[in-house]
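Asker: Before we start, here is the structure in question, set down as structure tokens.
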Amino acid sequence: MNPTADRYGVFGHPVSHSLSPFIHAMFARETGQDMSYRPFDVPPEELVARVRSFFSEGGSGLNITLPHKLAAVELATELTERAAHAAAVNTLALRDGKVLGDNTDGIGLVRDLCDNLGVVITNRRVLVLGAGGATRGVLAPLLGLQPEELIIANRTADRAEALAAAFADLGDAHGVGFADVGDDAFDLVINATSASLSGEMPPLPPAAVGPQTVCYDLAYGKDATAFVKWAQSIGCAQALQGLGMLVEQAAESFHVWRGVRPQTASVRAALRERAALLGGRG
């Protein structure tokens, strides 16, 4: 490794499972960028000091993963519009002595769905499960594609309603409890809860998924997640995990840092080969 290379990394806790170093190493080789990228296990109580130290010691950029995405908002000198909408940051970049906070999760999801998988969102009915930070990070790009209807379903309906109201300026979204999603199958169902990583499923009525429905889990694992297994068992059109989103959001972060947009097909293929050995999220 070149000791003078520009330094990047990912801050998380835990972070040993992260695929980001592998992804960014492939991007750097592909694009001929002189850079290094390392994982850093950073407990929440050390986040502020460690981020400041990283940049003061010459670091160029960071990815921020669980559980730090919300806290990282306060560490940025300025926010991009998509980070401000998401109220979460997964990318920090040093720009003229200032720290720019960005969020590339939403555009990563949309690129994987639309560009890689050929899923149509415009004028389609979309259901998003969960009203936490993961949902907040992807709503703006989804609404920007003008779905016919976007429903946020959550165990606590009030949280879903509040989240929908927060994005009312971007499109027509509605929040409901899981029991109130209706009896008509959606075109796209996105699981933005973390439940399936622990083998659990949100209490979603099976009628929400039909033979034309694409089901997409933002999480990924070494085996199919509980949500993917459930969706396949009731006959959906496709059931997919979030590895493609992971790669696409990383490519967007890389572009923010280096001004170069890497191709993602070879990285996605390499990760599919590794999927049997590695699992996780972010």
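Asker: Let me spell it out: the conditions are (1) hydrophobic (A, V, I, L, M, F, W, C); (2) more than 26 Å from GLY61 (Cβ to Cβ); (3) not in a helix (DSSP H, G or I), and VAL260 meets all of them except one. Which number is the exception?
Answerer: (2)
Asker: Mind telling me which of the residues PRO262, PRO202, PRO206, PRO211 ends up being in the same structural domain as ILE190 (by TED's automatic domain parsing), touching a Ser or Thr at 6+ places or on another chain (Cβ under 7 Å) and either in contact (Cβ under 8 Å) with a residue 24 or more places away in the chain or not acidic (Asp, Glu) (or both)? Explain how you work it out, then say what you get.
Answerer: On the way: PRO262 fails: in the same structural domain as ILE190 (by TED's automatic domain parsing); PRO206 fails: touching a Ser or Thr at 6+ places or on another chain (Cβ under 7 Å); PRO211 fails: touching a Ser or Thr at 6+ places or on another chain (Cβ under 7 Å).
Only one candidate passes the filter, namely PRO202.
Asker: So which of ASP169, ASP184 ends up being in contact (Cβ under 8 Å) with a residue 24 or more places away in the chain, in the same structural domain as PRO202 (by TED's automatic domain parsing), outside any strand (DSSP E or B) and of a type in the set (D, E, K, R)?
Answerer: Residue meeting the stated conditions: ASP184.
Asker: If you don't mind, there's one more thing I want to ask. Sort out for me the strands (runs of 3 or more DSSP E) sitting completely within region 53-144 that have 3 or more residues that are free of Cβ contacts under 8 Å to residues at least 40 places away in the same chain and within 26 Å of TYR37 (Cβ to Cβ).
Answerer: Working: elements: 61-64, 91-95, 98-102, 125-129.
Answer list for region 53-144: none.
Asker: For region 198-222, how many residues meet the condition of being over 19 Å from ARG124 (Cα atoms), under 19 Å from the mean Cα position of the chain (by Cα) and among the acidic types (Asp, Glu)?
Answerer: 0
The values are calculated or read from the model by the stated rules, or taken from the named source; none is laboratory data. All values derive from a computational prediction rather than experimental measurement. Glycine gets a Cβ as well: all are built from the backbone with ideal geometry, and neighbour counts include every protein chain shown.
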